[in-house]
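See below for the structure under consideration.
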Amino acid sequence: MTRGADIIAGIILLALAIAIIVYLLHWLYRRSSKEVSFVRTGMLGEKVVISGGAFVLPIIHNITQVGMRTLSITIKRSGDKSLITKDRMRAELVTEFFTKVPPEQKAVATAAQTLGNRTLDPEHLREVVQGRFADALGEVAAKMTLDEIQENRGQFVKEVTKIADESIGHTGLALETVSIISLDQTPIEQFNPAN
């Protein structure tokens, strides 16, 4: 009888040990997904996890999640904020910038360091990049007349993309494309005679 009780006690202890191990693995092992990667820092240095997973010990490690989805950021330049073209006309422009963190170790690590969790939320990311995108729009608009922008939208977009991509490259982001949603001349009432 004692031998049977010993076997049952051994089976119960083994099952309990397995349950504890499974629970710890579930609690300590973090997986990335196609939409969210992460960077683990702390003991053993930095580890970028794009596809797969890593053990994260709560006291020893810290993780920063990095959004991998393409985010759309709309920039609207109108009224007194409208663009001034080469022919000194004011242009109202609504553009959409599509940006994301490329699935590369260096880009994810850089985005985690420079942007942190802001890559997960378009509004927080917009705060970081909108000035850079607006500068790119203004720089290219100043080199073209309103008619040239209207007739050569592709060239305008190409130049804006080049400048904007360079300005956000050091943050770990990459610009996928730029789309012009609307382009119009600013109404005469918006003109400032002091300009």
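The values are calculated or read from the model by the stated rules, or taken from the named source; none is laboratory data. Given the structure is predicted, the values throughout are model-derived calculations rather than measurements. As a convention, Cβ positions derive from the backbone with ideal geometry for all residues, glycine included, and neighbour counts pool all protein chains shown.
Taking residue 70, is it under 30 Å from residue 158 (Cβ atoms), hydroxyl-bearing (Ser, Thr, Tyr) and modelled with pLDDT of 90 or more?
So residue 70 passes the test.
Does any residue of the stretch 45-66 turn out to be closer than 27 Å to residue 160 by Cβ, touching a strand residue (DSSP E or B) at 6+ places or on another chain (Cβ under 9 Å) and not assigned by TED's automatic domain parsing to the domain that holds residue 111?
Yes, because at least one residue in the stretch 45-66 is closer than 27 Å to residue 160 by Cβ, touching a strand residue (DSSP E or B) at 6+ places or on another chain (Cβ under 9 Å) and not assigned by TED's automatic domain parsing to the domain that holds residue 111.
For the stretch 111-142, which residues satisfy the criterion of being over 22 Å from residue 38 (Cα atoms), hydrophobic (A, V, I, L, M, F, W, C) and surrounded by 15 or more Cβ atoms within 10 Å (Cβ to Cβ)?
Within the stretch 111-142, 133, 134, 136, 137, 140, 141 qualify.
Any idea which residue in the stretch 1-56 is farthest from residue 116 (Cα to Cα), counting only those that are free of Cβ contacts under 8 Å to residues at least 60 places away in the same chain and touching a Gly at 6+ places or on another chain (Cβ under 8 Å)?
29
Could you pull out the residue among 168, 149, 181, 163 that is within 30 Å of residue 62 (Cα to Cα) and among the aliphatic types (A, V, I, L, M)?
Answer to the selection: 168.
Do we find a residue being closer than 26 Å to residue 114 by Cβ, hydroxyl-bearing (Ser, Thr, Tyr) and assigned to a loop (DSSP other than H, G, I, E, B) anywhere in the stretch 74-94?
The answer is no; no qualifying residue exists.
What's the number of the only condition in (1) assigned to a helix (DSSP H, G or I); (2) more than 24 Å from the chain's Cα centre (by Cα); (3) surrounded by 15 or more Cβ atoms within 10 Å (Cβ to Cβ) that residue 108 fails to meet?
(2)
From the set of residues in the stretch 114-144 that are in a loop (DSSP other than H, G, I, E, B) and touching a helix residue (DSSP H, G or I) at 6+ places or on another chain (Cβ under 9 Å), which is farthest from residue 168 (Cα to Cα)?
144
For the stretch 166-187, enumerate the residues that are buried (at least 19 other Cβ atoms within 10 Å of the Cβ) and under 15 Å from residue 98 (Cβ atoms).
Within the stretch 166-187, 168, 173, 175, 178 qualify.
Which condition breaks for residue 117 when tested against (1) touching a residue at least 40 places away in the same chain (Cβ under 8 Å); (2) more than 30 Å from residue 136 (Cβ to Cβ)?
In the conditions (1) touching a residue at least 40 places away in the same chain (Cβ under 8 Å); (2) more than 30 Å from residue 136 (Cβ to Cβ), residue 117 misses (2) alone.
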